[in-house]
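Take a look at the structure below.
The values are calculated or read from the model by the stated rules, or taken from the named source; none is laboratory data. This one's a predicted model, so the numbers in the text were calculated from it and none came from an experiment. Cβ sites come from the backbone with ideal geometry, for glycine too, and all protein chains shown count toward neighbours.
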Amino acid sequence: MVTLPFTFEEYHGRQSRLLEQIPTDSLVLIPTNPVSYRSNDTSFPYRANSYMLYLCGWDEPEAVFMAHHVADSWVTTLFVQPRDTKAEIWTGRRVGTEGAASGWPVHEAHSINDLKDIAGTHLDSCKQAYLIQGLNSTLDEIVNSSIDIDSADPTSILDEMRVRKSDKEIRLMLESADIASAAHVAAISKGYAGIGEWQIQSVIEAHFTASKSRWSYPSIVGGGDNATILHYNANESVIAEGELVLVDAGCEVSGYASDITRTWPVSGKFSDQQREIYELVLKAQLAGIEACQAGSVWLSMHRATSAVLAQGLIDLGVLDCSVEEAIGDDMEFNGPYRNFFMHGTGHFLGLDVHDVGGGRQGDKDEGPILQPGMVVTVEPGLYFGSWRTDVEIPDRYAGIGVRIEDNVLITDDGPVVLTSNCPKTIDEIEALVGSEG
Ligand SMILES: [Mn+2]
């Protein structure tokens, strides 16, 4: 039997916080994700919609969470796949309507086959529907075809709630961070010159599976120049003696993601050039973490990492200009340092690996204020792809890509690194590479 990751009390609290911000003449409709097909009738592993998980923890496909107002209170309903022995023989046991009504934090449960009738009837007495569109075509059609109903988007209200994590959510995120940390440690300790990127991937993902977890995004394992491709995940090359390997991999626990990047010398020792770049990225990453203070703007950590990286690139002779010029006019983060650090410093983390809450870094937008309970990633990097034609790559650093990423909880007492069990100093890493070879 499925166990929910949170108490009914926690789910009811989330539902009330949502519904107290919704006019009472509205119908709230939160569909889950559809099943996606990989090839012919083979589906991708199913992942429920994060808003659905957040509001009631339901993780079977073909479901809708609904809330409608009766007399003085909201009534919550789950539409779910009904029990069906013949279908369950093929695709697995279902909780069914009775199980949903008794075991999940809602007042009622109905068959998904009755969605159109029941939701349609409730809509007749409503002025607007708070619907997440694009997930369930039946709902989109009912709402969009009725001229008396305005469609509103509930996600901005939910995002505001999701971005600050409760203590229980933080506990799950710490669990997720610990599993991913141990997976990286296992991979580093089994590294050797000549190992295949896919073999490192298998060590990482074996640890996820053995820990009853699964990846929260496709694992990136890039040796040498492959480390300079930000979303490389072909993971099909052999890593040669002396090359660095960049591993960006995280897992999820009850839907909550971790997201860790480590870069290490596959033969066990950083070369002088690799060490110079690694130390610079690490210095920038520590400055970025230090900038994760409650009350600071979202852009603070990008400012912090950018200042360190720009100065460092000048000191190493990669750039020949002032820090201001390197970062860009009016601190727009578009100067020449961007040739080597082309992404943001971090993103929010939670039920989605790139979680809700806004804030893409890399321009002047200061973004939201950091608040206790928010979890962010801090992941500066420097990339010198020898294959690039858009910019001159210094010979000394050609083929080096370094990114270091941790998951950081904002608290009133400063940043707390949730992934601190994953080593990142040069000494720790050099001691670990191949130690279980
Ligand atoms: Mn990340």
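Please find, among Leu409, Leu370, the residue that is within 16 Å of the ligand (Cβ to nearest atom) and in the same structural domain as Gly288 (by TED's automatic domain parsing). None of the other options fit; the residue is Leu409.
Only one residue in Val70, Val95, Val80, Val75 is out of contact with any strand residue (DSSP E or B) (no Cβ under 8 Å at 6 or more places or on another chain) and assigned by TED's automatic domain parsing to the domain that holds Ser26, so which one is that?
Numbers: Val95 fails: out of contact with any strand residue (DSSP E or B) (no Cβ under 8 Å at 6 or more places or on another chain); Val80 fails: out of contact with any strand residue (DSSP E or B) (no Cβ under 8 Å at 6 or more places or on another chain); Val75 fails: out of contact with any strand residue (DSSP E or B) (no Cβ under 8 Å at 6 or more places or on another chain).
Only one candidate passes the filter, namely Val70.
Within the span defined as segment 36-44, every residue fails to be assigned to a loop (DSSP other than H, G, I, E, B) and surrounded by 13 or more Cβ atoms within 10 Å (Cβ to Cβ). Looking at Ile200, Ile229 in this structure, which one is within 26 Å of Tyr397 (Cα to Cα), buried (at least 24 other Cβ atoms within 10 Å of the Cβ) and of a type outside the set (Asp, Glu)? Matching residue, one of Ile200, Ile229: Ile200.
Scanning segment 46-98 for residues that are among the β-branched types (Val, Ile, Thr) and surrounded by 14 or more Cβ atoms within 10 Å (Cβ to Cβ) returns Val64, Val75, Thr76, Thr77, Val80, Thr91, Val95, Thr97.
Each residue in segment 256-279 was checked for being crowded, with 21+ Cβ neighbours inside 10 Å and touching a strand residue (DSSP E or B) at 6+ places or on another chain (Cβ under 7 Å), and 12 of them qualify.
Of all the numbered requirements in (1) more than 16 Å from the ligand (Cβ to nearest atom); (2) touching a strand residue (DSSP E or B) at 6+ places or on another chain (Cβ under 8 Å), Thr305 misses one, and that requirement is (1).
Using beta carbons and a limit of 7 Å, which pairs, at least six apart or on different chains, have the first residue in segment 377-396 and under 28 Å from Val356 (Cβ atoms) and more than 16 Å from the ligand (Cβ to nearest atom) and the second one of a type outside the set (A, V, I, L, M) and modelled with pLDDT of 95 or more? Listed pairs, sorted by first residue: none to list.
Sort through Leu135, Leu115 and tell me the only one that's part of a helix (DSSP H, G or I) and modelled with pLDDT of 95 or more. So the residue among Leu135, Leu115 that is part of a helix (DSSP H, G or I) and modelled with pLDDT of 95 or more is Leu115.
The rows are residues; the columns are (1) out of contact with any strand residue (DSSP E or B) (no Cβ under 7 Å at 6 or more places or on another chain); (2) small (Gly, Ala, Ser).
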| position | (1), (2) |
| --- | --- |
| His107 | no, no |
| Ile112 | no, no |
| Leu115 | no, no |
| Ile118 | no, no |
| Leu131 | no, no |
| Ile147 | yes, no |
| Ala152 | no, yes |
| Arg162 | yes, no |
| Lys165 | no, no |
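Taking the options Ile277, Ile314, name whichever one is free of Cβ contacts under 8 Å to residues at least 40 places away in the same chain and either part of a strand (DSSP E or B) or away from the ligand (no atom under 16 Å from the Cβ) (or both). Talk me through it step by step, then tell me what you get.
Working: Ile277 fails: free of Cβ contacts under 8 Å to residues at least 40 places away in the same chain.
Result of the check over Ile277, Ile314: Ile314.
Summed over segment 222-247, the residues that are more than 12 Å from Glu197 (Cα to Cα) and within 14 Å of the ligand (Cβ to nearest atom) give a count of 2. Summed over segment 393-437, the residues that are farther than 30 Å from Met374 by Cα, at pLDDT 95 or above and not β-branched (Val, Ile, Thr) give a count of 12. The residue of segment 333-360 that is nearest to the ligand (Cβ to nearest atom), among those that are surrounded by fewer than 20 Cβ atoms within 10 Å (Cβ to Cβ) and closer than 21 Å to Arg388 by Cα, is His343.
Taken over segment 79-102, residues that are free of Cβ contacts under 8 Å to residues at least 24 places away in the same chain and either within 21 Å of Gln21 (Cβ to Cβ) or not in a loop (DSSP other than H, G, I, E, B) (or both) amount to 13.
Does segment 181-189 contain any residue that is of a type in the set (Ser, Thr, Tyr), buried (at least 18 other Cβ atoms within 10 Å of the Cβ), outside the structural domain of Ile30 (by TED's automatic domain parsing) and farther than 22 Å from Tyr54 by Cβ? Give the steps one after another, and end with the answer.
From segment 181-189, those of a type in the set (Ser, Thr, Tyr) are 181, 189; that's our starting set.
Narrowing the set further to residues that are buried (at least 18 other Cβ atoms within 10 Å of the Cβ) leaves 181.
Going one step further and asking which of them are outside the structural domain of Ile30 (by TED's automatic domain parsing), we end up with 181.
Still in the list and also farther than 22 Å from Tyr54 by Cβ: 181.
Yes: segment 181-189 contains one or more residues that are of a type in the set (Ser, Thr, Tyr), buried (at least 18 other Cβ atoms within 10 Å of the Cβ), outside the structural domain of Ile30 (by TED's automatic domain parsing) and farther than 22 Å from Tyr54 by Cβ.
In segment 187-213, the residue that is farthest from Glu9 (Cα to Cα) out of those that are part of a helix (DSSP H, G or I), without any contact (Cβ under 8 Å) to a residue 24 or more places away in the chain and not polar (S, T, N, Q) is Val203.
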